[in-house]
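The values are calculated or read from the model by the stated rules, or taken from the named source; none is laboratory data. Computed from a predicted structure; not experimentally measured. Quick reminder, even Gly has a Cβ in these numbers, built from the backbone with ideal geometry, and neighbours come from all protein chains shown. To get the accessible areas, we keep the full protein, side chains included, count just its heavy atoms, and leave off ligands, DNA and RNA. Shrake-Rupley method; radii C 1.70, N 1.55, O 1.52, S 1.80 Å.
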Amino acid sequence: MDWINGMINRLQPDLFRPEDLESLPPHEYVPKLSDIVLPSIFLAVLFIMIRHLLDGILIKPIGAYFGVNDIVSKETVTPVPSLEAVYKVCRNPKPNAITSLAKKSEMTVRQVEIWFRKRKKQDKVTDMKRLEDASWQFIFYFIMSWYGIYVLWDKPWFTQSVHCWTGWPSQQTVSDGIYWYYLLELAFYISSIVTICTDHKRKDFVEMSVHHIVTILLIGLSWNYNAVRVGTLVICIHDPVDYLLAFAKMSNYCKYIKVSDLCFVLFAVVWIATRLITYPYMVLYSVTIELPEYVNNNGPHEQFYGSSFVMQLLKVMLGVLQILHIFWTIMIIRTAAKKFTEGQLQDVRSDSDNSEKEDVSSNNHYTENSSHMNGHIRRVKTIS
């Protein structure tokens, strides 16, 4: 294990000069890359195990008590290899593709459409599964939101971001509380990358994947370059809004619509306050204005900062997060508009793929034709 940690530490730049380390008070800790990489991976595996354990012993019984749907569609679909191959790539083929598939499989266009609708219904995610996902997010973000406030409450940079760079990089130390704050957050997002690929399909899969990857890189690189103070601000700004959204979803799945609506309103208010106001005002302003000013006026690391590709990359990734904030704000506005116009609250940054929304009027039609279609498919299989 020591040789692995040694290789990991080689990725860390030489930020701490011998005289800097000698001037640190006794028992003060400076970030070391090996102290967070392997522990976060082991902890991510533990998180996945804890999540599945909680699903079985806590979340499912609670969901069953509130009558949350856990019934998977029992409707069978006779497999057609040519259609199944297309379904794995695209669940909603375009009309011209459907016409081509109908000719290839010797079926009518309508029968192909029915096959795809029934196949999607077979894969539809239950509300219980969504409740499990939302509950795990609520538990983690609720705990970490308040833990982050507890850890940062007495820190000067919590209210004045200019202190993020006082003594940076060689004179800044990390407390045990901040170390665990970073470690738990990094482990959670590593586990989220795994679960987002193995769980049901989401309509914003790409955006969430980008968000998780950028977050992991930001946490890792900020630790590596001892930009931990601004990193804690980014985490603390992001977490509170997520547990409000998760609780709104949980309430919706449990059919407490008024509670869900109230949580959504609180979520929207906190989202705007944190993601569109606090984040750019404190974090983006700090890394683009306050950090260069500090380096120019105080730092012996001016040359290192100016030529560091990684420090510039950190700025870019923080900007990417803001772009994602704007993207999701548009989704929130659309959700709010739909609520006022149609009286129905849909998930923001939805848990599910759009293709799960079935056309109810079409369901009746393809149910009437299902026996005829299945008979035709059996004939096609016999011929092939």
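Assorted remarks:
- Looking across 162, 174, one residue alone is in a loop (DSSP other than H, G, I, E, B), more than 23 Å from the chain's Cα centre (by Cα) and under 30 Å from residue 33 (Cβ atoms). It is 174.
- Checked against the criterion of being out of contact with any strand residue (DSSP E or B) (no Cβ under 9 Å at 6 or more places or on another chain), surrounded by 16 or more Cβ atoms within 10 Å (Cβ to Cβ) and modelled with pLDDT under 85, the range 41-55 contains not a single residue that satisfies it.
- Selected residue (criterion: surrounded by the most Cβ atoms within 10 Å (Cβ to Cβ)) from residues of the range 148-174 that are hydroxyl-bearing (Ser, Thr, Tyr) and at pLDDT 90 or above: 161
- Selection status of residue 195, closer than 29 Å to residue 65 by Cα and modelled with pLDDT under 90: yes
- Residue 110 of a type in the set (Lys, Arg), open to solvent by less than 40 Å² (accessible area, probe 1.4 Å) and touching a residue at least 40 places away in the same chain (Cβ under 8 Å): no
- Within the range 286-330, tally of residues that are more than 30 Å from residue 205 (Cα to Cα) and at pLDDT below 80: 14
- Within the range 113-147, tally of residues that are acidic (Asp, Glu) and either open to solvent by less than 50 Å² (accessible area, probe 1.4 Å) or touching a Ser or Thr at 6+ places or on another chain (Cβ under 6 Å) (or both): 3
- Filter result (of a type outside the set (Phe, Trp, Tyr) and buried (at least 22 other Cβ atoms within 10 Å of the Cβ)) within the range 252-274: 252, 263
- Scanning the range 56-87 for residues that are among the polar types (S, T, N, Q) and either surrounded by fewer than 11 Cβ atoms within 10 Å (Cβ to Cβ) or not in a loop (DSSP other than H, G, I, E, B) (or both) turns up 76, 82.
- Within the range 214-223, considering residues that are crowded, with 22+ Cβ neighbours inside 10 Å and more than 18 Å from the chain's Cα centre (by Cα), the one farthest from residue 322 (Cα to Cα): 223
- Of all residues in the range 332-344, none that is among the hydrophobic types (A, V, I, L, M, F, W, C) has its Cβ atom under 6 Å from the Cβ atom of a residue that is modelled with pLDDT under 70 and assigned to a helix (DSSP H, G or I), 6 or more apart or on another chain.
- Scan the range 194-213 for residues that are assigned to a helix (DSSP H, G or I) and closer than 20 Å to residue 327 by Cα and the total you get is 10.
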